[in-house]
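Asker: Could you have a look at this structure, given as structure tokens, before my questions?
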Amino acid sequence: MKQDSFPTLVIAVALLAIPAYSGAQQAAAAAGKAAAVTPKAATAAPVTPEAAKAASGAASAAPSSSSSASGQAATLSPEAATSATAAREAGQAAAVATDAAKPVGAAPATPSVAPTLAPEAAAALKRTSDFLQTLKAFNVRIDSRTDEVLASGQKVQFGSLVDVSVVKPDRLRVDVVDDDQQRQFYYDGQSLALYGKAANYYASVAAPDTIIKVLAFAETKYGMALPVADLLAPESLAENVKSGTYLGKGRVRGQLCDHYAFRQDDVDWQIWIQEGKTPLPRRIVITTKNEQGAPQHQSVLSWNLSPKVPDSAFHYFPPKSARRIVFREVEGAPDSSATFTSINRQANGNANRSSRPGAPGVAIAAAAAVTAAEVGSMGRTLPANCVPYVHRGLTYQQCGGAYYQPQFSGGSLVYMVVDRPG
């Protein structure tokens, strides 16, 4: 039973249990209030002893039906009848006064319903989180679609495919292929490396000794929210949830699942959890509520809980032709461009799309870097006719008289205009 409906129910039961008042009781009670409400009620004759006697007799009888009460009221003296009439007029005057106090055209009050987290929905998240934390090794392929709303208001969609291999506590490999680029993340318990295959750039830094620690390290220092952070740290699934409900059964690529919907301050999200003894998340849909067009990010997850991944797959060995660059340290909020199912980071990938034609709010304008070449400016593309320039093992690009330093900013490649190295 809902707690907020309990007082109403108690009142209703109490009203049903109380015997009906006689007409004399109602008249006597109302007459006392009538004198303070209307002039006519104020001049009504006081109740005579005869009326009081009749009212007392009616009250002791306490008939249970309205017809019996009417019969008792009919024996009252004219003075009591006058008091009853005054009481009715007083009630009518009070009702008129109440209506007059209401704003003209005011809509009837609608009772607010506080958001609630259904027990079965909360239990489902905990069950999934607990199960994911028991996995010692797994591989998951994530097929995603991400909306972007252009400046014209048109909503378009882009895709990505992510392969994640995990061996706890200190092995992680992530391969990302999307419409823009290919990236590979390597973590072997000692170092974190990122390789941009198309541009043939890589960066590598010393890293903490567990997956959980490296997730926080990469996000805090370099603004990299690694893909599937919510799956690698599943306890975060329930963070910031305001309400949730169970929607029923549904299938994801033939697998029967339980479908749940949750709400947070900035996002609504849905999750399909495989039923049975392996409660794996099979589909996630995230809707960003505070952006124009409410863009969505959708992911379908395919799991392998017995992967055969050689240890060498977690170590990065740069090809001879690969050029070393640096990670850009974070200055503001972490970049979510590499996050593909992170609910609490509003995983819509829009930061990664901001350089597309027609996209609103371009964070890094390529044209500014090309034309102005002002030291400190950044862009996602280079001017024409640039040549590599290597200084102390790091690769730069010399474009005429300007020098650009390639950097991995979050999960994306950018170019910063710098003074001539050395």
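The values are calculated or read from the model by the stated rules, or taken from the named source; none is laboratory data. The structure presented is a predicted model; accordingly, all values stated were derived computationally and were not measured. As a convention, Cβ positions derive from the backbone with ideal geometry for all residues, glycine included, and neighbour counts pool all protein chains shown.
Asker: When the residues of the range 326-339 are filtered to those that are of a type outside the set (A, V, I, L, M, F, W, C) and either assigned to a strand (DSSP E or B) or more than 27 Å from residue 159 (Cα to Cα) (or both), which remaining residue is modelled with the highest pLDDT?
Answerer: Per the criteria, the residue is 329.
Asker: If you scan the range 244-297, which residues turn out to be of a type in the set (D, E, K, R) and touching a strand residue (DSSP E or B) at 6+ places or on another chain (Cβ under 8 Å)? If you could, list the steps in order and put the result at the bottom.
Answerer: In the first step, residues of the range 244-297 are kept if they are of a type in the set (D, E, K, R); the result is 249, 251, 253, 258, 263, 265-266, 268, 275, 277, 282-283, 289, 291.
Matches in the range 244-297: 249, 251, 253, 258, 263, 266, 268, 275, 282, 283, 289, 291.
Asker: Among the residues of the range 141-173 satisfying the criterion of being part of a strand (DSSP E or B) and among the hydroxyl-bearing types (Ser, Thr, Tyr), which is surrounded by the most Cβ atoms within 10 Å (Cβ to Cβ)?
Answerer: 146
Asker: Now, a different point. Collect the residues in the range 178-223 that are crowded, with 16+ Cβ neighbours inside 10 Å, in a strand (DSSP E or B) and β-branched (Val, Ile, Thr), keeping them in residue-number order.
Answerer: none
Asker: Wholly within the range 353-422, which strands (runs of 3 or more DSSP E) include no fewer than the required count, namely at least 1 residues that are of a type outside the set (A, V, I, L, M, F, W, C), modelled with pLDDT under 95 and within 42 Å of the chain's Cα centre (by Cα)? Before the answer, list the steps.
Answerer: Details: elements: 387-391, 394-399, 402-409, 412-418.
Output list reads 402-409, 412-418.
Asker: Scan the range 179-197 for residues that are charged (D, E, K, R) and either free of Cβ contacts under 8 Å to residues at least 40 places away in the same chain or touching a His at 6+ places or on another chain (Cβ under 7 Å) (or both) and jot them down. Can you show your working first?
Answerer: Our first condition is that a residue be charged (D, E, K, R); within the range 179-197, this holds for 179-180, 183, 188, 197.
Scanning the range 179-197 gives 179, 188, 197.
Asker: Which one of the conditions (1) in contact with a helix residue (DSSP H, G or I) (Cβ under 9 Å, 6 or more places away or on another chain); (2) free of Cβ contacts under 8 Å to residues at least 60 places away in the same chain; (3) surrounded by 14 or more Cβ atoms within 10 Å (Cβ to Cβ); (4) not polar (S, T, N, Q) does residue 260 fail to meet, given that it meets all the rest?
Answerer: Residue 260 satisfies all of (1) in contact with a helix residue (DSSP H, G or I) (Cβ under 9 Å, 6 or more places away or on another chain); (2) free of Cβ contacts under 8 Å to residues at least 60 places away in the same chain; (3) surrounded by 14 or more Cβ atoms within 10 Å (Cβ to Cβ); (4) not polar (S, T, N, Q) except (2).
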